[in-house]
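Here the structure is laid out as structure tokens; the discussion comes afterwards.
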Amino acid sequence: MSDEIREDKVRLERLEHLRALGVNPYPSHTEERISVKDALQKPENTPVKVAGRLISKREMGRIAFSHIKDGSGNIQLAFSEKELGKETYKFFIKYFDVGDFLHIEGDLFITHKGELTVLVKKYTLLSKTLLPLPEKFHGLQNIETRYRQRYLDLIANEESMKIAKVRSVIVREIRNYFDSKGFFEVETPVLQTLYGGALAKPFSTHHNALDIPLYLRIAPELYLKRLIVGGFEKVYEIAKCFRNEGIDNNHNPEFTQVEFYWAYANYEDLMDLVEELLPKVITTAGLPLKFKAQDTEVDFTPPYPRKTMRELIKQYADIDIEEFPDQTSLYKKIKKLNIDGVDANTGYGKMVDEIYKTFARPKIINPIFMIDHPVELSPLAKRKADNPRYVERLQLVCVGGNELCNGFSELNDPIDQESRFKEQERLHEAGDEESMPYDEDFVTALKHGMPPTAGLGMGIDRLIKLLMDVQNLKEVILFPTLKPEK
């Protein structure tokens with residue numbers, strides 16, 4: 001029998017003894033208290049009331065030193081037989097375990113070692129724990145356990161709690177920023193009859209009552225643009241999105257992004273906004289603009305350089321895509337490069353993207369805006385007036401090619417949009433599972449008129465991963481997608 005099973009049995013016996021003695025191990029009421037952080041600011045000899053989880057317990061004859069922890073910090077407790085009386089002191093020693101939640105009343109004093117401590121005068125059980133904390137509260141290192149039992153990770157590892165709190169602050173500040181700029185936060189369908197707004201494979205399900213297939217959204221884009229057609233001029237959504245793709249250090253099937261649309265703006269306005277938004281959000285969260293990520297120094301101080309996709313490919317792959325304007329000529333050029341995911345049936349836009357991902361993206365360190373993508377790669381973006389083979393699109397890229405933002409001047413020509421949807425259908429029939437389906441209702445919406453509009457999506461998970469300098473996206477998602485345990 002393992003130590004954990006034995007301790008489980010012992011704790012259960014203690015629970016039964018407490019109940020037999022008339023003690024409620026799970027009361028619904030907690031008496032008045034202050035936070036541990038506030039208690040630590042009080043002077044010696046001040047009476048205090050605090051509550052939290054017991055995280056240590058050291059018996060030393062007729063006195064026991066423990067620590068209690070709440071969301072603001074931890075503080076030492078002194079349980080004394082002289083102060084509590086013999087029976088009350090022994091009751092604590094016998095029935096209370098590390099992990100239990102307590103309410104404490106007592107007076108502050110400073111120990112010989114100089115630590116502010118509560119001399120306990122009264123204690124009350126708030127919740128009895130039946131399983132031990134990980135590794136006696138000295139840290140939880142097992143990656144699998146950390147992701148599957150995040151609650152233990154948060155208890156044992158301060159860095160995990162810090163990441164979770166920083167994420168919460170950043171999401172709040174993103175909301176505050178857009179609200180202050182006159183944007184309206186909206187909600188669009190998660191279950192959609194047609195998926196769209198990105199090049200990705202969806203999750204599918206079936207609605208029994210309507211007897212129709214439905215898809216988890218891969219992006220909120222097409223619905224947000226319908227709202228621009230309807231008269232909204234500034235909208236945003238902090239949206240859960242789902243893509244049925246592989247899982248790695250940068251991808252999780254379920255992820256969070258902020259996506260916004262701005263009438264009468266273009267992609268130049270988007271880049272100006274991002275250069276204002278990101279430094280504000282980063283510094284408000286208490287983080288520096290210059291920091292270390294993936295063992296290299298990164299500087300998010302604006303402005304960020306703006307380089308075309310053609311320039312980056314020419315710089316790093318020594319290929320000028322202008323010299324290869326169609327699928328056939330470009331494939332002849334790159335088929336000897338052994339690029340994964342490229343064959344004779346690969347579309348022109350995807351080939352260009354794979355060249356960029358293979359040669360250019362890994363070399364990028366400080367944030368830059370990659371702009372002006374081939375039209376085949378961007379079925380929802382507006383063509384450039386001076387060169388219609390390219391579109392007014394941006395991606396903010398940094399540190400080995402982390403793509404934080406993707407946005408463009410939105411296509412509002414319904415005839416052009418219709419033709420691009422048809423090209424996406426052709427690619428799907430040719431075997432491209434990430435192509436976009438024809439959305440007739442969206443084309444109809446555009447035919448009713450959409451003003452010049454710019455839109456952008458930014459991945460929250462990837463932003464936090466970068467700022468906190470962690471290697472795996474699972475570190476910044478509280479409950480990442482995992483294969484079930486056998």
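Laid out as a table, the results:
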read-out: Single residue of the stretch 426-445 satisfying the filter (in a helix (DSSP H, G or I) and at pLDDT 85 or above) that is nearest to the chain's Cα centre (by Cα); value: Phe442
read-out: Pairs with Cβ under 7 Å, 6+ apart, first in the stretch 318-344 and over 19 Å from Arg361 (Cα atoms), second basic (Lys, Arg); value: Glu322/Arg310; Phe324/Lys333
read-out: Unique residue being farther than 27 Å from Val166 by Cβ and touching an Asp or Glu at 6+ places or on another chain (Cβ under 9 Å) when the list is Glu259, Glu268, Glu233, Glu237; value: Glu268
read-out: Hits in the stretch 235-290 - residues which are buried (at least 16 other Cβ atoms within 10 Å of the Cβ) and in a helix (DSSP H, G or I); value: Tyr267, Leu270, Met271, Leu273, Val274, Glu275, Leu277, Leu278, Val281, Ile282
read-out: Flag if Leu411 is touching a strand residue (DSSP E or B) at 6+ places or on another chain (Cβ under 8 Å), modelled with pLDDT of 85 or more and either of a type in the set (Ser, Thr, Tyr) or surrounded by 22 or more Cβ atoms within 10 Å (Cβ to Cβ) (or both); value: yes
read-out: Residue tally, condition closer than 23 Å to Ala263 by Cα and out of contact with any helix residue (DSSP H, G or I) (no Cβ under 7 Å at 6 or more places or on another chain), over the stretch 222-248; value: 11
read-out: Tally, over the stretch 239-286, of residues that are closer than 26 Å to Pro303 by Cβ, in contact (Cβ under 8 Å) with a residue 40 or more places away in the chain and of a type in the set (Val, Ile, Thr); value: 5
read-out: Selection status of Gly182, in the same structural domain as Phe232 (by TED's automatic domain parsing), small (Gly, Ala, Ser), surrounded by fewer than 17 Cβ atoms within 10 Å (Cβ to Cβ) and in a loop (DSSP other than H, G, I, E, B); value: yes
read-out: All positions within the stretch 145-159 that are in contact with a Lys or Arg (Cβ under 8 Å, 6 or more places away or on another chain) and charged (D, E, K, R); value: Asp153
read-out: Residue tally, condition closer than 20 Å to Phe260 by Cβ and of a type outside the set (Gly, Ala, Ser), over the stretch 440-465; value: 13
read-out: Selection count, the stretch 292-317, where residues are polar (S, T, N, Q) and in contact (Cβ under 8 Å) with a residue 60 or more places away in the chain; value: 3
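Yes or no, residue by residue, for (1) among the β-branched types (Val, Ile, Thr); (2) over 30 Å from Phe255 (Cβ atoms):
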{"position": "Asp320", "(1), (2)": "no, yes"}
{"position": "Lys332", "(1), (2)": "no, yes"}
{"position": "Lys335", "(1), (2)": "no, yes"}
{"position": "Val342", "(1), (2)": "yes, no"}
{"position": "Arg361", "(1), (2)": "no, no"}
{"position": "Ile368", "(1), (2)": "yes, no"}
{"position": "Lys382", "(1), (2)": "no, no"}
{"position": "Tyr390", "(1), (2)": "no, no"}
{"position": "Glu403", "(1), (2)": "no, no"}
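The values are calculated or read from the model by the stated rules, or taken from the named source; none is laboratory data. Only a predicted model underlies this, so the values are computations on that prediction, with no experimental measurement involved. FYI the Cβ positions are ideal-geometry reconstructions off the backbone, even for glycines, and counts take in every protein chain you see.
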